[in-house]
Amino acid sequence: QVQLVESGGGSAQAGGSLRLSCVVAGTFSSLGGMGWYRQAPGKERERVAGVSSGGRPNYIDSVKGRFTISRDNAKNTVYLQMDSLKPEGKAVYYCTAGVQPYPLYTFQGYWGPGTQVTVSP
């Protein structure tokens, strides 16, 4: 059984930094793309950043230059370094990963339970 376990959420002041981590736990054959979404109160969930299996990152415009996504394939972990945080960054952040359960099987999408990030002015 595959589970995504997030850590690193919490509170920070505007201009500060937080680092989120997400470990893909369990037994599987391979990991595909990984990423982070967020959902602010009263808003739809949005994709913040993603990283391909080869390490190529992409970001929404509002976080470019402030957030950095990376992955450590040896640890089955994806990170989101968030710098220069803004109050509008307050949201629940969710980790996602494409997981291939067995060789030649289709990749399946998994979500973490979410971690709260609060940014005070």
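Values quoted throughout were computed directly from the atomic coordinates according to the rules given, and no laboratory measurement underlies them. Please read all numbers here as calculations on a predicted model, not as lab measurements. Cβ atoms come from the backbone with ideal geometry, glycine included; neighbour counts cover every protein chain shown.
Using the Karplus relation 6.51 cos²θ - 1.76 cosθ + 1.60 with θ = phi - 60°, the per-residue 3J(HN,Hα) values for region 84-91 come to 6, 4, 10, x, 6, x, 5, 5 Hz, with x marking Gly and Pro.
Scanning residues 5 or more positions from LYS86 or on other chains, those with amide H under 5 Å from its amide H are GLY15, with H placed 1.01 Å from N in the peptide plane. Take every Cα pair under 8 Å whose residues are at least 6 apart in sequence, average their separation, divide by the length of the chain, and the relative contact order is 36 percent.
The magnitude of the dipole of the chain, with charges of +1 and -1 set on the Cβ of Lys/Arg and Asp/Glu and taken from the Cα centre, is near 120 debye.
The trypsin sites (Lys or Arg not before Pro) found in region 48-113 that occupy coil by DSSP, while having at most 13 further C-beta atoms within 10 Å, are LYS64, LYS75.
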